[in-house]
Amino acid sequence: MLEDVDLAALLAAAQAGDRRAYAAFLAAVLPLLRAMGRGKLNSPADLDDFVQDTLLSLHQARATYQPGRPVLPWLQAIARNRLSDALRRTYRRREVESQGHDPEMLENVPHLPGDDGEGRELAPLLAQLPDRQRAALAMLKIRGMSLRDASAESGISVGALKVAVHRGIANLRQMLDRENDHD
């Protein structure tokens with residue numbers, strides 16, 4: 001592996017327009033990036049995505065490097081940010097994939113007062129909702145998350161979460177009205 005001084009010289013030459021130096025710089029940092037991601041990302045596809053994202057970020061940020069300063073801290077800061085992004089995507093994808101009927105979540109659903117004064121479980125009604133509406137209601141109304149946090153956790157835009165909650169509540173009202181009509 002090249003030393004920090006060598007990497008600095010290559011990057012400074014690349015900033016001056018030397019394409020060969022830039023290619024050599026990228027080739028030299030590639031094993032470093034793979035090593036950083038390998039410890040955290042299990043999937044080879046996620047590792048490749050992290051490396052590609054980091055290389056793109058390095059390309060976009062190459063003008064911010066100040067010649068004469070150490071390259072490794074600059075490089076590691078960029079790679080850490082991309083690794084954080086990759087881990088967030090991985091965790092979000094795992095959560096979205098594992099979403100579905102969560103019995104623990106539904107245990108905490110409040111009771112609705114019925115005409116007879118007794119509480120009525122919402123869990124069976126929630127289970128009938130489409131996945132997106134159920135997840136949005138669970139995050140925002142049951143768990144009390146903010147729209148921004150729920151969006152970050154689920155990967156669903158704030159606007160789409162608002163729509164899903166609105167539709168979920170409307171669907172729950174319709175189900176409750178149908179139950180009341182039958183009683």
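Laboratory data are not the source of any read-out in this text; all were calculated from the coordinates shown. Given the structure is predicted, the values throughout are model-derived calculations rather than measurements. Glycine gets a Cβ as well: all are built from the backbone with ideal geometry, and neighbour counts include every protein chain shown.
FRET efficiency for the pair Ser57 and Met175, taken as 1/(1 + (r/R0)^6) with r the Cβ-Cβ distance and R0 = 45 Å, rounds to 0.40. The Cα center of segment 126-166 and the Cα center of segment 37-87 differ in position by 32 Å.
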